[in-house]
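**Q** One structure coming up, written as structure tokens, with questions to follow.
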Amino acid sequence: RTVAEQQATLPAPAAPADSPGSVVTMSDRVPYLIIGSGFAGMAAAARAIRASDPLSKVLMIGDEPYPPYLRPPLSKELWRRKDDRVKAMLSPLGDMRRNSWLFVEPDSFFIEPRRLHLADTGGVSLWKGRRVIALDIADKRVTLDSGDRIEYGKCLLATGGRPRTLPVFDAAAAQSPEVAARTAYFRNIDDFQSLRNKANQAKSVIVIGGGFLGCELAVSLTEVAKKTGLECFKESGTLAHVLPPHLSEHTSKFIAQSGVAQYPGERVTSVDWDSAAGQVKVGLSSGRSLSADLCLVAVGIEANTQLAESAGLEIDPGDGGFLVNAELEARADLYAAGDACSYYDVLLGRRRVEHVNHAEESGAVAGRNMASDPADPGRKRSTYQHQSSFWCNLANTLAWDAVGLVDSRLETQSFFAMPPPASDDGAAGSDTAEDYQYPGVVFYLKAGRVVGILLWNLPDEIFQDKKAFAPSRLNLARKVLAERQLADPAALQALAREFDVY
Ligand code: NAD
């Protein structure tokens, strides 16, 4: 049922006059308010609050019509499933463990917002399909697009991000309904369903962007959905903002072999509807033009920080995002986590990170800090120190995980096992391996230290030849970063060996 229907059928709770602070109604006061019902908000922060403060009442407000879910499968696994399986996975009803690894909890987990105040042992309410449009920090109050106002004790901004748009596409879509109907952006479940429907009607697709979404969806649309795939991006190669040139080139080759024609070093300069061909025509900076039935624009995201203006909050002038300290606090009793925050990383400096692992871990720290209690040693505030990992998996021999500052503008040192493995110590190579189907490790260096590590075709499993409690490779990488490893070539070669590259 919609919130409006819930409100129509439930009697408004009577507020005991003697305890106004303990009464929670939709227009009253909640001890914990989370704005944004994504992974940072739910999977992490709400759970952390409940774990620290077991009787707590948490209200989450989110503008999506779904309970919180994981986004990564939307550009990956879901494209490889049959229709009935996809339908089951996209249903937030029924047995979540059997049907879905998308949703964090089923709808039935959440207490109806109007009933939160009645929950003796507390719980989590989710008010779906609503936007918070203003935040008043002095009065600790938010205003919703419904006109409702809610006061909070502690509040978390977990508003995530939205796809960056390209003005040239927006202008063309405003003029031509045909272009509008054949242009897609990609971020959420609705975007997945819309792209799937549009792709069903299309024979060819142009993907703009050579980043994570661009390469995953170009391969899914071409290999799985059997479309003619064309991909253009402004950089010199696939994932060139992340990977060193040799690995970017290798990834581009793989994508080309999947059947995607790639056009690197191109920006979109014009978009038109070609009525004779019944296709969208995209002009590129080189003068070339491409035509296809559908265009997918995947040129990055920007943080949802619209609330900053009404709240008087500071935004990171470089990367966007609500500026928070290392405890993820923006102002007194106001926190931010996930894609929407620019936090102070005590090891690597100020950052804004867009990984699901970061959403999970930063949300957990923010939730614990919101529920901290100076009088209780078990509920201390903590610093966000986790180095989140992220991954790319295009094929069995093209899969990697990474942690830290993984930015191709930094100097890198790569160590790869070369085929065939000649001997125990003869297999080492630095930036020399030609066949990157083999395992490797890339160290990203800054000011003479290792600041990022990429594990190429090296699964994060416990090392086979070591004891069961040996650290995973990603945890070993986190340890190397925390120890501020010097960028000495011999030491890096020895480290590569520790990662079992050879
Ligand atoms: P991205 O930042 O990874 O890539 C953006 C791409 O767009 C780059 O190739 C860039 O060169 C290109 N680009 C930017 N402006 C352009 C222009 N004007 N013309 C042509 N090309 C242009 O962002 P994304 O791929 O859109 O992904 C969106 C979000 O989803 C990111 O937060 C990403 O981290 C996340 N995501 C992550 C994964 C993963 O970790 N495996 C997978 C999918 C999505």
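**Q** Report whether or not residue 213 is touching a helix residue (DSSP H, G or I) at 6+ places or on another chain (Cβ under 7 Å) and either within 11 Å of the ligand (Cβ to nearest atom) or within 30 Å of residue 444 (Cα to Cα) (or both). Spell out how you get there, then give the answer.
**A** Details: touching a helix residue (DSSP H, G or I) at 6+ places or on another chain (Cβ under 7 Å): yes; either within 11 Å of the ligand (Cβ to nearest atom) or within 30 Å of residue 444 (Cα to Cα) (or both): yes.
So residue 213 fits the description; yes.
**Q** Only one of 108, 91, 100 is surrounded by 18 or more Cβ atoms within 10 Å (Cβ to Cβ) and at pLDDT below 90. Can you tell me which? Break it down stepwise before answering.
**A** Numbers: 108 fails: surrounded by 18 or more Cβ atoms within 10 Å (Cβ to Cβ); 91 fails: surrounded by 18 or more Cβ atoms within 10 Å (Cβ to Cβ).
When all the criteria are applied, what remains is 100.
**Q** Go through 310, 291 for me and flag whichever is modelled with pLDDT of 95 or more, away from the ligand (no atom under 15 Å from the Cβ), over 25 Å from the mean Cα position of the chain (by Cα) and among the polar types (S, T, N, Q). Lay out the reasoning, then the answer.
**A** Working: 310 fails: modelled with pLDDT of 95 or more.
291 is the lone residue from the list that is modelled with pLDDT of 95 or more, away from the ligand (no atom under 15 Å from the Cβ), over 25 Å from the mean Cα position of the chain (by Cα) and among the polar types (S, T, N, Q).
**Q** Which members of segment 296-315 meet the condition of being surrounded by fewer than 20 Cβ atoms within 10 Å (Cβ to Cβ) and in a strand (DSSP E or B)?
**A** Within segment 296-315, 301, 302, 315 qualify.
**Q** Quick check on my filter: what residues within segment 167-201 are modelled with pLDDT of 95 or more, aliphatic (A, V, I, L, M) and crowded, with 20+ Cβ neighbours inside 10 Å?
**A** Selection gives 172, 173, 179, 184, 195.
**Q** Of all the residues that make up segment 265-285, how many are within 12 Å of the ligand (Cβ to nearest atom) and surrounded by fewer than 16 Cβ atoms within 10 Å (Cβ to Cβ)?
**A** 4
**Q** Scan segment 69-80 and give yes if some residue there is more than 16 Å from the ligand (Cβ to nearest atom) and surrounded by 15 or more Cβ atoms within 10 Å (Cβ to Cβ), otherwise no. Walk me through it before giving the result.
**A** Of all residues in segment 69-80, those more than 16 Å from the ligand (Cβ to nearest atom) come to none.
No, segment 69-80 contains no residue that is more than 16 Å from the ligand (Cβ to nearest atom) and surrounded by 15 or more Cβ atoms within 10 Å (Cβ to Cβ).
**Q** Is at least one residue of segment 54-71 out of contact with any helix residue (DSSP H, G or I) (no Cβ under 8 Å at 6 or more places or on another chain), in a strand (DSSP E or B) and in contact (Cβ under 8 Å) with a residue 12 or more places away in the chain?
**A** yes
**Q** Which count do you get for residues in segment 244-264 that are assigned to a helix (DSSP H, G or I), more than 14 Å from the ligand (Cβ to nearest atom) and closer than 19 Å to residue 220 by Cβ?
**A** Number of matching residues: 4.
**Q** Just to be sure I understand the filter: pairs with C-beta atoms under 6 Å, separated by 6 or more residues or on different chains, first member in segment 246-267 and at negative phi, second member surrounded by fewer than 19 Cβ atoms within 10 Å (Cβ to Cβ) and in a helix (DSSP H, G or I). Which pairs pass?
**A** Final answer for the pair search is 262/256.
**Q** Pick from segment 204-258 the residues that are among the polar types (S, T, N, Q) and touching a Ser or Thr at 6+ places or on another chain (Cβ under 6 Å): which of them is surrounded by the most Cβ atoms within 10 Å (Cβ to Cβ)?
**A** So in segment 204-258, the residues among the polar types (S, T, N, Q) come out as 204, 220, 222, 228, 236, 238, 248, 251-252, 257-258.
Now drop any that are not touching a Ser or Thr at 6+ places or on another chain (Cβ under 6 Å), which leaves 204, 222, 228, 238, 248, 251-252, 258.
Details: 204: 18, 222: 22, 228: 16, 238: 30, 248: 21, 251: 23, 252: 23, 258: 18.
In this case the residue turns out to be 238.
**Q** Right, next: Do you know which residues across segment 94-130 are part of a helix (DSSP H, G or I), of a type in the set (S, T, N, Q) and within 23 Å of the chain's Cα centre (by Cα)?
**A** Selection gives 99 alone.
**Q** It is to be established whether one or more residues within segment 319-327 are within 30 Å of residue 73 (Cα to Cα), over 19 Å from the mean Cα position of the chain (by Cα), assigned to a strand (DSSP E or B) and away from the ligand (no atom under 16 Å from the Cβ).
**A** Scanning segment 319-327 turns up no residue that is within 30 Å of residue 73 (Cα to Cα), over 19 Å from the mean Cα position of the chain (by Cα), assigned to a strand (DSSP E or B) and away from the ligand (no atom under 16 Å from the Cβ).
**Q** Would you mention how many residues in segment 340-395 are away from the ligand (no atom under 16 Å from the Cβ) and in contact with a Cys (Cβ under 9 Å, 6 or more places away or on another chain)?
**A** Residues flagged as away from the ligand (no atom under 16 Å from the Cβ) and in contact with a Cys (Cβ under 9 Å, 6 or more places away or on another chain) within segment 340-395 amount to 2.
The values are calculated or read from the model by the stated rules, or taken from the named source; none is laboratory data. On a predicted model such as this, the values are computed, not experimentally measured, just so you know. Because the Cβ atoms are built from the backbone with ideal geometry, glycine has one as well, and the counts that use them run over all protein chains shown.
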